[in-house]
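The values are calculated or read from the model by the stated rules, or taken from the named source; none is laboratory data. A quick note: this is a predicted structure, and the numbers were derived from the prediction, not measured. Glycine also receives a Cβ, built like all others from the backbone with ideal geometry; neighbour counts cover every protein chain displayed.
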Amino acid sequence: MPDHAGCEGARTAANAFLLAWVGRRSANVRLVRPRNGEDRPNNRNRVARCTKSVGARRHRVPPIETPPLPTLDTAPTIEPVRTTLSSAFDAWKRARNRSPRTVQEYEYAIKLFGELHGAMPLATMRKTQARQYRRALQDVPIKRFRIGKLLTATLPELAAWGHEHPDAQKIGAGTINKLLGALQSIGRWARKEDLVPEEWADPFADMRLDQDDSDRAPFELRELRAIFTVPSISP
């Protein structure tokens with residue numbers, strides 16, 4: 001004979017399990033498209049809450065300012081009335097790739113001029129400064145005599161020493177013309193690039209010396225002896 005009490009208990013337990021399972025499924029409501037084309041109440045509530053939350057976060061984000069665009073030309077500008085040989089030389093080097101030897105020669109010529117006249121603007125240079133520069137170069141001794149303090153002497157110091165020692169061999173006209181030509185090239189380039197006023201006159205024009213056939217210093221007695229003294233060769 002069946003146990004009606006046991007069956008009823010099992011049926012009650014099954015119903016309780018089914019109700020619990022349905023409750024858990026109801027708690028996890030998914031956003032699904034309803035069959036009748038209308039939003040379900042739970043779906044509308046969830047969409048409203050998400051929209052409100054996203055809007056609140058959007059208003060909390062601080063605005064980001066657009067950074068300024070970088071300037072294309074970062075080279076410093078030079079006022080024409082204040083352009084010096086050094087500043088024009090720096091701009092000349094930046095314009096394009098230059099020969100290292102040419103850069104070294106031009107830099108040396110500008111260094112000597114600065115030692116004599118300082119960093120004076122090109123616009124204020126006159127023939128007087130160019131002649132003084134040429135005159136000082138004519139008294140500079142050749143490297144053979146530059147020993148001791150003369151190794152680090154400035155142009156005025158070298159010229160003063162050479163003036164006090166007239167018998168010492170001086171640098172030749174070819175070397176002087178190269179130094180003058182270097183300054184003239186920088187000045188003319190600066191005028192072409194509008195780095196000096198339009199009325200600027202080239203102070204180094206027609207300042208070159210008449211160049212000798214050879215700028216080499218004459219042989220000394222010890223050098224002549226070394227050349228003409230030939231050891232005897234026994235047969």
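Quickly run through the range 109-129 and pick out the residues that are surrounded by fewer than 13 Cβ atoms within 10 Å (Cβ to Cβ) and over 14 Å from Gly187 (Cβ atoms).
Gly118, Ala119, Thr128
Restrict the check to the range 138-157 and report whether at least one residue is of a type in the set (Gly, Ala, Ser), surrounded by 19 or more Cβ atoms within 10 Å (Cβ to Cβ) and not in a loop (DSSP other than H, G, I, E, B).
Scanning the range 138-157, I find no residue that is of a type in the set (Gly, Ala, Ser), surrounded by 19 or more Cβ atoms within 10 Å (Cβ to Cβ) and not in a loop (DSSP other than H, G, I, E, B), so the answer is no.
Quick check on this structure: which one of Glu157, Glu193, Glu198 is closer than 24 Å to Thr84 by Cα, modelled with pLDDT under 90 and touching a helix residue (DSSP H, G or I) at 6+ places or on another chain (Cβ under 9 Å)?
Glu198
Of everything in the range 127-153, what is over 18 Å from Ala182 (Cβ atoms) and within 37 Å of the chain's Cα centre (by Cα)? Give them in sequence order.
Of everything in the range 127-153, those that are over 18 Å from Ala182 (Cβ atoms) and within 37 Å of the chain's Cα centre (by Cα) turn out to be Thr128, Ile142, Lys143, Arg146, Lys149, Leu150, Leu151, Thr152, Ala153.
Cβ-Cβ distance below 6 Å, separation of 6 or more or different chains: which pairs start in the range 115-128 with a residue that is closer than 24 Å to Glu157 by Cβ and end on one that is crowded, with 17+ Cβ neighbours inside 10 Å and hydrophobic (A, V, I, L, M, F, W, C)?
Here the result reads Glu115/Leu155; Leu116/Ala136; Leu116/Leu155, each pair linking the range 115-128 to a residue that is crowded, with 17+ Cβ neighbours inside 10 Å and hydrophobic (A, V, I, L, M, F, W, C).
How about the range 139-164: which of its residues are within 11 Å of Leu116 (Cβ to Cβ) and among the small types (Gly, Ala, Ser)?
Residue satisfying the conditions is Ala159 alone.
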